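Undergrad: Input: one structure, supplied below.
Every number here is computed from the coordinates shown, using simple stated rules; none is lab data. Note that this is a predicted model, so its numbers are computed, not measured. With ideal geometry, Cβ positions are generated from the backbone for all residues, glycine too; neighbour counts draw on all protein chains shown.
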Amino acid sequence: MTALSSLTRRFSGRAPGSEAAITGPIRGELLGAEHLAERARDLAQGQRLVERRRRSGRTPLLARLDETRKILEETHDRLAAAADREVDVGPGGEWLLDNYHVVQEHIREVRESLPRGYYRELPELASGALAGYPRVYELAITLISHTEGRIDLGNLALFVGAFQQVTPLSIGELWAVPAMLRLGLLENVRRMARRAVQRLEEMEVADQWAAKLVTASAQPAPALADLVNDFVAAPPELTPIFVSRFLSQLRLVGGSAQPLVWLERWIAEEGVSAEEATARATQRVALTQIMIANSITSLRDIGRVDWETFVERESVMEAVLRDDPDGAYVRMTFTTRDHYRHVVERIARRTGGDEAEVARLAVDLARAGAAADPSDSRRAHVGYYLVDEGVATLERRTGYRPRVGERCHRAMLRHPNFVLVGSILAGTGAAIAAALWLAGPEARTAWLGVALLALVPANDIAVNLVNQLVTAFFPPRLLPKLDLAEHGGVPEEFRTAVVIPILFDSPAAVDEALEHLEVQYLANREAHLHFAILSDFSDAPTETQEGDAAILEAAVAGVRELNARHAGGSDDVFYLFHRSRRWNPRQGVWMGWERKRGKLAEFNQFVRGGAQGAFSTVVGNAEAIRRIRYVITLDADTVLPPETAPLLVGALAHPLNRAVYDPAKGRVVRGYGILQPRVGVTLPSAHRSRFARIQSGHPGVDPYTTAVSDVYQDLYGEGSFTGKGIYDVDAFEQATHGRFPENRLLSHDLIEGSYARAGLASDIVVYDDYPARYLSYTRRKHRWIRGDWQLLQWLTARVPGPDGPEPNRLSVLSRWRLLDNLRRSTVELAVLLFLIAGWTVLPGSPLRWTLLGLGAVAAPWIVSLLLALIRPPGDKSWRAYYAAVGRDALTSAKQIALAVIFLPHQAFVSADAVLRTLWRLTVSGRDLLEWQTASQTERVIAGGAGTAWRTMWPAVALALAVLVAVAAVAILRPREAAPLWTLALAVVPLVAVWSASPAIASALSTSAVRRERRLSPSNQSAARRYALLHWRFFEHFVGPDTHWLAPDNFQDDPAPVVALRTSPTNIGLQLLATVSAYDLGFITAVDMVDRLERAFASLERLDRFRGHFYNWYDLRDLRVLEPRYISTVDSGNLAGHLIALRQACLAVADEPVIDGRTRRSLGTALLIAGERLQQYTASGAATATARRAAALAQGE
């Protein structure tokens, strides 16, 4: 306990100046495994804890950490300065200098992983050397003290396991173990660092005294005697380091004068002898080195430990939860299990109970639920009583009483309609009142007209505000998931098909679709995951077209080729389901029945044994596809990232998410029939044009773009389906089959998600392309608005059905979402009308009306920015955070500007879509399925500026009409009109940009060309110099001895050593360095080709695993170094390097035979030669050489 007592004294809270300069390491008796376990059990038995309500709330370890950071920073600077002067800082000091970045990293890690609130929740010791400190900290430093600071997973697991044989640790304490170990090891580093500085100081004092004595010895005898007397009268502290250094310095200069001999004898009598001092100093230096080396090595090892696995293996609560009667717990993702554990931890902490007992009660409730109704897998799962409806039962059984904030949150979840609708109504009223107040007293005389005109913009402001507040301050409702990837992949019972509904209009479109399908397969290879194309021909005036046969032949051959390439001879991985055209009298064309909705509906029926004639061509093993349970549906441009498919399947297959269909209500009422992942924007598409670069980061709730909002998921536990996600075939068919009339649904995703109950898996992401052109974006939006308004009748009590009107089975939430989409489509039109009315008929200043209208446009971005400003992260750099907020603000300003510029055109597009849909619904009944693929849209609008002007002329005409109307009002009613200058300032700038909107749209839609940046001539020269110096590494070390492959590294100090091993990353960089050396003129094309061929010849000799190179090879004999393993990072690096190498080699043929690269490379070589000559001359070596040459010439 000496080490712990010493540590307590250091942490006693005294002023920093009162602490001794140096303390010893946290060190006790070194124990073997058996005694270490016994020590852990003794420690657990001897601990006494403070009652929770009496805890101090202090965080002394965090204060100590801040002090440690400052001390280590000062120590590092001191040692670095000494090393720069070539002063011996000792092996411990060298360890700190070499690994200071490791120490800094772990200090940051402690700060991030141990916030003050979490620290205060840890059980405190009531007695002992560390009273008032966390119990788990004493465990950590006890382990450190008995292992000399050498911590590894083995001795840690042994110690913690033995401790828990007596006293179980809470889950929070187990998670705090790495932070506490870091704190203890950092304390060791701090102490040893200060030892290194003290050694440096003692050596400096010794050197100073030795120098004085040596100087005095060269003077008359009294001077030396007087100095010796001064030394004896007031000697420095005679530590072993001082004595050893002092006497060695005297001996080096030949200190044989009698006073010096006497002084050495006196030191031996008063302190220690020279031999003993040297031995003790060496021992102290060695101990410092061992402790700091062990501590830093242990810090590195701690950083590599899989703490998730450690905590789950050591947690007593985890062992209880794994006894889940349903068996799903052990197959869940770590995040889901951790969520369950947090619930148990919270209940145990608030009730004062034991975590294991709370977990056991939840398991017992699940076991009782399974016995009561074996068919209900939800109640048989322990999660039902932790994160679902059964949590109320568990809390009641444990005596849990929610806090005030928790009660408010639960009350809002019980009454989500009141929260959402009530807040929106209140916000709308407040926004209208604010508009009346800001418009001035004149406007209040026409308050009714102002309120009506401001209603839709004010409501939009309120909706955006409420949505952003809910998503910002409500905790996210994440869905539980099974971790299929960690348990053998997608099992047979969850067999799934990934399908891409698509229109084929050419063989090139077929090739593109099949390539895209193959990419999704390569990212999500699973034994029970199938990939299918659901295809139609494009619309045509006749049943067949001239190119149909070629298109179908390309599709069939392509799918078979994919199966031959990836399915090992079988035909159950890739599929083609192709439909022939049918005559549609409503559309007046031959087309695929019901487009995408029809393809999915007939595919569902096919896999369940029906729809035998729906697909004219089927490629693939139909028996395998008929056993699927789930379908992941993607658009033609949707990217399914690696391992996303198993995550989606695992989410929908979780017991709590499985759909429960209510025949009486005609829809899914619990669980989910569909899961919608979050949809991001692919990086290439986001930078394809300036328009895409600006718009692809649209904030807030926008189902037309990124579907990132989870306001409905957080409040209602339901999301909105946008056409990309996974659905349960049986539940989907139950909820939607025979539900809708033909030729009616264009945007079918939202309505299908309402019947099948969609959930938002916001932590799973797929990616979609963003339109590169403004007109593409507008056409897509026009189509979506038409689809939303075609659902207008689903807001009423009776809805269209396949056999006529029937009762509306949609929930209130589903109808609200439909209504919200309709409202959103009228916002631009309402804002434009508000502005025009303010300039022409409303009383008050036109400038004020303009500012109010622009404020309504900018409101979503302003709200988002304000929320970001007031909610900085508590554990991250505020400077970096606010820098990112500043960049987002700049992007938002650009988005606001585009929203204002395109306001008339967007209003026209929305009005056209709404009126066109209403005409088709009520009068013509035709063209309700009018639709174009993205590729067809791009071809239609690819005409440049002329197309933009022809398409957007209504916006220009509207702008000019507004200008004429405002001028007419000013002329006809001059007394009522505002001053001319205010009217011009309010109207003319907007009319000007509106009139120029086609030109702006055309300019923004062009391909984004990055501005070329060139180095200055001086920087170019410096870059070539560095490049040539780097190339000399490859030139010198790559040769026959290394089989023409680059070694991993060369170490020059303390002794020259070449690391004769290489990796795929090293090889790839060598290949790029070789071609770069040619580009820079360091080698010729012949030399480049020779080096590349020799390298590839060696690559052919290397052992590989399924085409992948192993991570390390011995360059002496090209054997694989043990342990053999494949690094996906290295394989990816090499693949990227090879692609770049291919492009570089292809470019060589087009380069001129003679250019300036050789001249520039010679200049660089001469520059380096000149630098070396100057160094050679400055060192005096040249002069010495000249003297030797002269002496030889004279015959000496």
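Undergrad: Just from the alpha-carbon atoms, what are the Rg and Dmax of the stretch 565-633 in angstroms?
TA: In Å, with Rg to one decimal and Dmax whole: 13.7, 46.
Undergrad: Contour minus end-to-end for Arg396 and Ala1055, with contour as 0.36 nm per residue of separation and end-to-end as the Cα-Cα distance? Could you put the intermediate results ahead of the total?
TA: Working: separation 659, 0.36 × 659 = 237.24 nm, distance 7.09 nm.
Difference between extended and current length: 230.2 nm.
Undergrad: Rounded to the nearest 0.05, what FRET efficiency is calculated for Asp376 and Arg1124 with R0 set to 35 Å and r the Cβ-Cβ distance?
TA: Working: r = 49 Å, r/R0 = 1.39.
It comes out at approximately 0.10.
Undergrad: Would you work out which of Gly92, Gly844, Phe418 lies farthest towards the positive end of the dipole of the chain, given +1 charges on the beta-carbon of Lys and Arg and -1 on that of Asp and Glu, about the Cα centre?
TA: Gly844
Undergrad: At 0.36 nm per residue, minus the direct Cα-Cα distance, what do Arg1160 and Leu469 gain on full extension? Give it in nm, one decimal, please.
TA: Taking Arg1160 through Leu469 to full extension adds about 242.7 nm, to one decimal.
Undergrad: Next question. For the stretch 2-194, compute Rg over Rh where Rg is the Cα radius of gyration and Rh is the Kirkwood radius from the inverse mean 1/r over Cα pairs.
TA: Numbers: Rg = 17.0 Å, Rh = 17.5 Å.
So for the stretch 2-194, dividing Rg by the Kirkwood Rh gives 0.97.
Undergrad: If one takes the longest principal axis of the Cα atoms in the chain, at what angle in degrees, from 0 to 90 and to the nearest 10, does the Cα axis of helix 980-995 lie?
TA: So the inclination is approximately 90 degrees.
Undergrad: Given R₀ = 45 Å, FRET efficiency for Asn229-Ala81 by Cβ-Cβ distance, to 0.05?
TA: 0.85
Undergrad: While we're on this one: If the reach is capped at under 29 angstrom between alpha carbons, list the lysines near Lys596, excluding any in the same chain fewer than eight residues apart.
TA: Here the lysines satisfying the reach criterion relative to Lys596 are Lys481, Lys665, Lys724, Lys781.
Undergrad: Could you work out how far helix 644-653 tilts from the main Cα principal axis of the chain, as a 0 to 90 degree angle to the nearest 10?
TA: Tilt of helix 644-653: around 70 degrees.
Undergrad: Can you bin the stretch 1017-1151 into rounded, prolate or oblate? Criterion: square roots of the alpha carbon gyration tensor eigenvalues sorted a ≥ b ≥ c, rounded for a/c under 1.5, prolate for a/b above b/c, oblate for the rest.
TA: oblate
Undergrad: While we're looking at this one, here's another question. Post the alpha-carbon centroid distance, the stretch 148-179 to the stretch 709-768, in whole angstrom.
TA: 46 Å
Undergrad: Can you tell me the orientation of helix 60-84 relative to the chain, as the angle in degrees between its alpha-carbon axis and the longest Cα principal axis, to the nearest 10?
TA: The angle comes out near 60 degrees.
Undergrad: Then there's this: Please enumerate, by chain and number, the lysines with C-alpha under 29 Å from the C-alpha of Lys70, excluding those fewer than 8 residues away in the same chain.
TA: Lys876
Undergrad: Something else now. For the chain, what does -39500 (n - 2.57) per DSSP helix run (n ≥ 4), summed and divided by total residues, give at 222 nm, in deg cm²/dmol to the nearest 500?
TA: For the chain, the value works out to -20000 deg cm²/dmol.
Undergrad: Take every Cα-Cα distance within the stretch 352-497, group them into 10 Å bins from 0 onward, and report for each bin the whole-number percent of pairs it holds.
TA: P(r) for the stretch 352-497, in whole percents per bin: 9, 22, 22, 18, 13, 9, 5, 0.
Undergrad: Another question, then. What is the distance, in nm, between label points placed 7 Å from the Cα along the Cα-to-Cβ direction at Ser877 and at Val988?
TA: 4.8 nm
Undergrad: Would you mind computing, in nm to one decimal, how far apart the modelled labels at Phe1033 and Arg1104 are, each placed 7 Å from Cα along Cα→Cβ?
TA: 2.6 nm
Undergrad: Please give the length that would be gained between Arg410 and Gln612 if that part of the chain were fully extended, namely 0.36 nm times their separation in residues minus their C-alpha to C-alpha distance (nm, one decimal).
TA: Additional length available on full extension: 67.7 nm.
Undergrad: Just to check I understand the Karplus step: with θ = phi - 60° and J = 6.51 cos²θ - 1.76 cosθ + 1.60, what whole-Hz values come out for the stretch 1167-1172, glycine and proline as x?
TA: Going residue by residue, I get 4, 5, 4, x, 4, 5 Hz, with x marking Gly and Pro.
Undergrad: Can you check what the Kirkwood hydrodynamic radius comes to for the stretch 877-937, Cα pairs only, in Å to one decimal?
TA: Kirkwood radius, the stretch 877-937: 15.3 Å.
Undergrad: A further question follows. Can you check what the Kirkwood hydrodynamic radius comes to for the stretch 503-610, Cα pairs only, in Å to one decimal?
TA: Every distinct Cα pair counted, the radius reaches 14.8 Å.
Undergrad: What per residue convex hull volume, in Å³, comes out for the stretch 159-220 when only alpha-carbon positions are used?
TA: Hull volume normalised by residue count: 85 Å³.
Undergrad: As an exercise, use a Förster radius of 35 Å and the Cβ-Cβ distance of Val330 and Arg111 to find the FRET efficiency, rounded to the nearest 0.05.
TA: Efficiency, from the Cβ-Cβ distance: 0.55.
Undergrad: Let me ask something else. Quick one: Kirkwood hydrodynamic radius for the stretch 560-692, alpha-carbon pairs, angstrom, one decimal?
TA: That comes to 18.1 Å for the stretch 560-692.
Undergrad: Based on the Kirkwood radius over alpha-carbon pairs, what is the Stokes-Einstein translational diffusion coefficient of the stretch 315-387 at 10 °C with 1.306 mPa s viscosity, in µm²/s?
TA: Values: Rh = 12.0 Å.
Estimated via Stokes-Einstein, D reaches 133 µm²/s.
Undergrad: Also, quick follow-up: Measuring from label point to label point, each 7 Å out along Cα→Cβ, what is the Ala557 to Asn621 span in nm?
TA: In this crude label model, Ala557 to Asn621 measures out at 2.6 nm.
Undergrad: Need one number: convex hull volume per residue for the chain, Cα atoms only, in Å³.
TA: Spelled out: Cα convex hull of the chain, divided by residues, is 283 Å³.
Undergrad: So what's Rg/Rh here for the stretch 200-304, counting alpha carbon atoms and using the Kirkwood radius for Rh?
TA: 1.16
Undergrad: Which three extents, in whole angstrom, do the alpha-carbon atoms of the stretch 856-900 cover along their principal axes, largest first?
TA: The Cα atoms of the stretch 856-900 stretch 37, 16, 7 Å along the principal axes, largest first.
Undergrad: Cut-off 15 Å, label point 7 angstrom out along Cα-to-Cβ of Gln1020: give me the residues of the stretch 1120-1159 whose amide nitrogen falls inside.
TA: 1155-1159
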